[in-house]
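**Student:** The structure is given below, and queries will be raised subsequently.
The values are calculated or read from the model by the stated rules, or taken from the named source; none is laboratory data. Everything quoted here is computed from the prediction, not taken from an experiment. Neighbour counts are summed over all protein chains in view; Cβ atoms, including those assigned to glycine, are modelled from backbone coordinates with ideal geometry. These area figures cover heavy atoms from the full protein model, side chains too; ligands, DNA and RNA do not enter into them. Shrake-Rupley method; radii C 1.70, N 1.55, O 1.52, S 1.80 Å.
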Amino acid sequence: MQLNNHGGDFPYTFFGFNPGTAKEEVRQALVHFAKGDNKITNLSRCFRLEPGTGWDVPPGLLHAPGSLCTYEPQCASDVFALYQSLVNDQVIEESGLWKDMPPERIGDYDYLMS
């Protein structure tokens, strides 16, 4: 509890997409990344973070950590993906969406979706 004595502004986390979410809905959120809040978390389920609990999040599962101190032990990886354009009232620059993409694929939303 000593590391989590305050839940912060938003002690909730998001995992995956809601059942029935269409690929086109996700694609539209990505296309709107540079317009402020792309609302991609509206397509996801939100869970309250509670001290002493945790989840096993498999590789490739989109998730958005909340404000409670969270640890993500993981194997070494060179994969990075940032699809949420607004985090704690901070707008993320569009370059975050395309980080680590091959230069010829920047702007290619179909490649991003794949």
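**Student:** As an exercise: evaluate Cys46 against (1) within 13 Å of the chain's Cα centre (by Cα); (2) part of a loop (DSSP other than H, G, I, E, B) and give the number of the one condition it does not meet.
**Tutor:** Among (1) within 13 Å of the chain's Cα centre (by Cα); (2) part of a loop (DSSP other than H, G, I, E, B), the lone unmet condition for Cys46 is (2).
**Student:** Does Glu104 meet the test of being more than 27 Å from Pro11 (Cα to Cα), loosely packed, with under 10 Cβ neighbours inside 10 Å and among the charged types (D, E, K, R)?
**Tutor:** yes
**Student:** Further question on the same structure: What single numbered condition from (1) assigned to a loop (DSSP other than H, G, I, E, B); (2) out of contact with any Gly (no Cβ under 8 Å at 6 or more places or on another chain); (3) open to solvent by less than 80 Å² (accessible area, probe 1.4 Å); (4) under 24 Å from Gly7 (Cα atoms) fails to hold for Ser67?
**Tutor:** Checking Ser67 against (1) assigned to a loop (DSSP other than H, G, I, E, B); (2) out of contact with any Gly (no Cβ under 8 Å at 6 or more places or on another chain); (3) open to solvent by less than 80 Å² (accessible area, probe 1.4 Å); (4) under 24 Å from Gly7 (Cα atoms), the one that fails is (2).
**Student:** Further question on the same structure: Of everything in region 87-101 that's closer than 28 Å to Gly8 by Cβ and modelled with pLDDT of 90 or more, which residue is most open to solvent (accessible area, probe 1.4 Å)?
**Tutor:** Top of the filtered list is Glu93.
Residues checked against (1) closer than 23 Å to Val31 by Cβ; (2) among the hydrophobic types (A, V, I, L, M, F, W, C):
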position: Ser44; (1), (2): yes, no
position: His63; (1), (2): yes, no
position: Gly66; (1), (2): no, no
position: Glu72; (1), (2): no, no
position: Cys75; (1), (2): no, yes
position: Tyr83; (1), (2): yes, no
position: Gln90; (1), (2): yes, no
position: Met101; (1), (2): yes, yes
position: Asp108; (1), (2): yes, no
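**Student:** Condition first: out of contact with any strand residue (DSSP E or B) (no Cβ under 7 Å at 6 or more places or on another chain) and open to solvent by 40 Å² or more (accessible area, probe 1.4 Å). Now tell me which residues in region 1-17 satisfy that.
**Tutor:** If the condition is that a residue be out of contact with any strand residue (DSSP E or B) (no Cβ under 7 Å at 6 or more places or on another chain) and open to solvent by 40 Å² or more (accessible area, probe 1.4 Å), then Met1, Gln2, Leu3, Asn5, His6, Asp9, Phe10, Phe17 are the ones that fit.
**Student:** Across region 19-43, which residue is nearest to Val91 (Cα to Cα) among those that are touching a helix residue (DSSP H, G or I) at 6+ places or on another chain (Cβ under 6 Å) and part of a loop (DSSP other than H, G, I, E, B)?
**Tutor:** Only one residue fits best here, namely Asn38.
**Student:** Could I ask something else about it? Starting from region 32-58, keep only residues that are of a type in the set (Phe, Trp, Tyr), then list their pairs with residues that are open to solvent by less than 60 Å² (accessible area, probe 1.4 Å) and not in a loop (DSSP other than H, G, I, E, B) whose Cβ atoms are within a distance under 6 Å, requiring at least 6 positions of separation or different chains.
**Tutor:** Phe33/Leu97; Phe47/Thr13
**Student:** I would also like to ask the following. Would you pick out the residues in region 18-57 that are open to solvent by 100 Å² or more (accessible area, probe 1.4 Å) and basic (Lys, Arg)?
**Tutor:** Correct list: Lys23, Lys35, Lys39, Arg45, Arg48.
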